[in-house]
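To start, the structure itself, in C-alpha cells.
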Number of protein chains: 2
Amino acid sequence: MFNFGEAIPFENQTNDVLTVGELLVDMIANEYGEDTACNGYTRYSGGSPSNIAINVHRLGIRSHVASAVGKDGLGGFLIRGLQSAEMDTSGIQQVESSTSMVVITKSQSTPTPIFYRGADYGLEYNDELEQAVINSKILHFSCWPISRVPSRDTVERVIEVARKHKLLIGFDPNYHPLIWPQDEDGVAYVKSMIPKVDIIKPSEDDAERLFGPGTPAEQVGRFLALGAKLVIMTLGKDGALVSNGRETLAFATRATRIEDTTGAGDAFWSGLYAAVVKGYTLRESLELGFAVSAYKLKYTGAVVNLPALEVIQQEYNL
Amino acid sequence: MFNFGEAIPFENQTNDVLTVGELLVDMIANEYGEDTACNGYTRYSGGSPSNIAINVHRLGIRSHVASAVGKDGLGGFLIRGLQSAEMDTSGIQQVESSTSMVVITKSQSTPTPIFYRGADYGLEYNDELEQAVINSKILHFSCWPISRVPSRDTVERVIEVARKHKLLIGFDPNYHPLIWPQDEDGVAYVKSMIPKVDIIKPSEDDAERLFGPGTPAEQVGRFLALGAKLVIMTLGKDGALVSNGRETLAFATRATRIEDTTGAGDAFWSGLYAAVVKGYTLRESLELGFAVSAYKLKYTGAVVNLPALEVIQQEYNL
C-alpha cells in the first residue's frame, strides 16, 4: 500500500536498482525520408534496462544490469558501452544467438521500428542472477523479456525471489504486438503481470493497446481493477495521472524545452528510483522523476549526461 | 548425365532462370576496425537469388526471383532495388516478419557476419510460384531457404515440380552452421539434397564444413558418392575442379585484377546459366562462367554492371 506522503522503507543492501531485460543495438537511419532515401545508418546502445541503470548511477545510486547479448561484434559493442559508462557488466550473459537489434528507418510512409529479436530473450536464470536479486532494493523490467521464453521464465523466477525478499518491483507495460510471437495473446499475459508488481507506468498508447480506447481516468481505473498498486499514467505534454487506488493525483509536466523525446520515460523511472532510494517521500519522488524526465528532454539521445539528483532538484526548485 | 562437349537441351519457356530464396539487407560497417571503432553502417541489397537474377538479365537472358521480405521499410528498399534493376517483382512475397538482414562488422577479432533471419524463410508455396517453376528452364537455390521451415517445405515442393518438368537445377551448398537452427543436423540435410539436383558449386570451405578436411579431388569424390551429377569445386586463385562423374577437368582462374571478391560465386553461376541457355556447350559455358566471375572481381560490390555475355566472351577471347 503506497502513501504519497511517506518514504518507501528499504532494508540495507549492496545494490539499489536491478534492471532485467533487453540490451539492444538501435540502428538508426541518418536522415528522415522514404524507404530508399537514406542508406546510411548509425548504431547506438539501446534498451531500457541499460538506460535506467546508467541514469540512476549518474543520479547517485547503485545499479546492476542483467541482460543477454550475442557472442558477436555488436554484443561486444554493447558491453564496452556499459563499461565506458562505469557499469559492472558481470550480469551480461553472452549466448549463442545474434545480438538483438531495432532498425529505425525514419520513413514517413511505413511503420518505423523493425525488430530483430535474438540474444536478448536468451537470458537464463542462474545463481548470479538470484544473488543480484537478493542483494537489491528495486527490480525493474519491461515487456521485452516477458514476451518470449526462456527470458520470460527467467523473469517469472526473478519476480518470485524479488517478492519473497520484498524488493520494490517496477514494470513498464510497454506492450507492442510486434515484439510478441504472432500466435500468442500478449495482452492477456501482460495483464496477468500487473498484480505481481508494485509500480506500473503506462503511456496512453500502452493503455490503449491493452484495453482499447478510454479517458486517462478510465484507463487508470482498469489497471487498478487488475490489481495494480501504483499506476503512473503518463500523458505527454499534459503531465501524468498517478493513483494508489485510494487517491489520484495530477502532475503537470516540468518540461520547458523539448529537443528529443527518446528515453524520456526511462529518465522518469530513473529519477523516481533514485529519489525513493534516497528517502524522499513518494510524492517528492514522483516530482523528481518528472524533473529528471524534463531535464533529459532538453538533450538529444536516449541516455544523456545527467547530473546528481540533487542538482536537478535545485534546478527545478523541488 | 552431363557431357562437357554438348549443349544442354531446353524446351521453349517464357522464362530462363528462376531463383528461389533469400532476399536480404546487407548492413555493412563503413570502416574496418574493432567492435567499437565504427558506428557508421551502409545498407545494400543482398542475397544470391536477386544477385543472380539481376546478373543474368544483364548478361542477356530472362529471370524471375521468388523471395519473401517483411512489410517494412527495408522490405520496400529491397523491392525498389529490384525494380530499379528492371526486375519483375511479382514473385516477391511480403510476410509478417522483419526483413532478413546480415550485419557485417568488419572486425578482425570477432566472427564478422551476424545473421538476422526473419521474413526470408517465410516464403510460401503458392500457385504463382508453381507457374513460375513450370515456365522456367533453370531453377537455382542455396542453403538459406532450406535451412528453416516454411521456406524449406516450399523449396522441396518447388524441386518436385522442377524435376517433373525437367528444369536444370543448380544448388549452392553454402552450408553455414549459423543460418541453421541450433538443434538440427544441417549437414545431414544438405547432403540429402545433393542427389535431387543437377549442378552443385561447393567452395573448399563449403566442402570442409560438410565433410571435414580433404584434398579437392577427395571432396569432389565425396559429393559424387552422394549422387551429385555435376560438381564444380571452386578453389579461389587455383581455379576449379569440375567433374561429371566420369571425367574431371581442371579450370584455371581467369581473374587478372581482384578488387572485391563479394558476389564472385554468384557471377560464376550467372555466366554459366546465361551460357547454357544461349546454347554453348557445357565446357564453353563453364569457361564463360569463370570469365564472368573474373570480370566481376575487377569491380566493387556484390552486383556490378555486367555487359552482355558476348562482350565478356570477346574480352576473354572465348
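Sorted shortest first, the separations between the residue B:60 label point and its copies elsewhere in the assembly read 7.8 nm; each point sits 7 Å from Cα along the Cα-to-Cβ line.
When chain B is treated as a GNM with alpha-carbon contacts under 10 Å, the residue of B:17, B:187, B:303 showing the greatest mean-square fluctuation is B:187. Residues of segment A:111-135 that bury at least 30 Å² of accessible area when the other protein chains are present, relative to the chain alone (probe 1.4 Å, heavy atoms, ligands and nucleic acids excluded): A:114, A:116. When you work out D = kT/(6 pi eta Rh) for chain B at 20 °C and 1.002 mPa s, using the Kirkwood radius from C-alpha pairs as Rh and the Stokes-Einstein form, the result is 109 µm²/s. Rolling a 1.4 Å probe across the protein heavy atoms gives the protein assembly as shown an accessible surface of 40 Å² per residue. When a 1.4 Å probe is rolled over the protein heavy atoms, the share of accessible surface on segment B:17-315 that falls to carbon and sulfur comes to 48 percent.
A Gaussian network model of chain A, with springs between Cα atoms under 10 Å, assigns the largest mean-square fluctuation among A:294, A:53, A:255 to A:255. Shape analysis of segment B:41-118 places it in the oblate category; the axes a ≥ b ≥ c from the Cα gyration tensor give an a/c of at least 1.5, with a/b not above b/c. Can you list the GluC sites (Glu not before Pro) in segment B:138-201 that are in a DSSP coil and have 13 or fewer other beta carbons within 10 angstrom? Filter output for segment B:138-201: B:184. Between residue A:192 and residue B:215, the simple label model (points 7 Å from Cα in the Cβ direction) yields a spacing of 6.3 nm. Treating r as the C-beta distance of residue B:249 and residue B:182 and R0 as 25 Å, the FRET efficiency rounds to 0.05. Between chain A and chain B, the total buried accessible area stands at approximately 2400 Å², from heavy atoms with a 1.4 Å probe.
Using a Gaussian network model of chain A with C-alpha springs under 10 Å, which one of A:278, A:237, A:137 is most mobile by mean-square fluctuation? Among A:278, A:237, A:137, the largest GNM mean-square fluctuation belongs to A:237. Under 23 Å of direct C-alpha separation, and excluding same-chain neighbours fewer than eight residues apart, residue A:166 reaches these lysines: A:137, A:191, A:196, A:201, A:229, A:278.
In the context of the full protein assembly, residue A:71 retains an accessible surface of approximately 110 Å², using a probe radius of 1.4 Å and ignoring ligands and nucleic acids.
Each copy carries a label point for residue B:214 at 7 Å from Cα toward Cβ; from one copy, the others' points are 6.6 nm away, ordered from shortest. Mean partner shielding of peptide B:25-31, defined as the number of other chain Cβ atoms within 10 Å of each residue Cβ, is 2. The mean count of C-beta atoms from other chains within 10 Å of the C-beta of residues in A:39-46, rounded to a whole number, is 4.
For segment A:180-314, DSSP calls about 75 percent of its internal beta bridges antiparallel.
Once both labels are positioned 7 Å from their Cα atoms along Cα-to-Cβ, the gap between residue A:128 and residue A:225 label points is 4.5 nm. Annotation for residue A:4, label-to-label distances across the other copies: 8.9 nm (shortest first, one decimal, point 7 Å from Cα along Cα→Cβ). With helices as the sole contributors, the protein assembly as shown gives -10500 deg cm²/dmol at 222 nm; each DSSP H run of n ≥ 4 counts as -39500 (n - 2.57), and the sum is divided by every residue.
Straight-line cross-link reach from residue B:298 at under 20 Å between alpha-carbon atoms covers these lysines, not counting any fewer than eight positions away in the same chain: B:237. Cα centroid separation, segment B:65-84 to segment B:139-212: 23 Å. When only alpha carbons of the protein assembly as shown are considered, Rg and Dmax amount to 28.5, 93 Å. The mean number of partner chain beta-carbon atoms within 10 angstrom of a residue's beta-carbon across peptide A:175-184 is 1.
The values are calculated or read from the model by the stated rules, or taken from the named source; none is laboratory data. None of these values were measured; they are calculated from a predicted model. A quick note on method: Cβ atoms are made from the backbone with ideal geometry, for glycine too, and the neighbour counts reach across all protein chains shown. These accessible areas exclude ligands, DNA and RNA; they are computed on the full protein's heavy atoms, side chains included. Shrake-Rupley method; radii C 1.70, N 1.55, O 1.52, S 1.80 Å.
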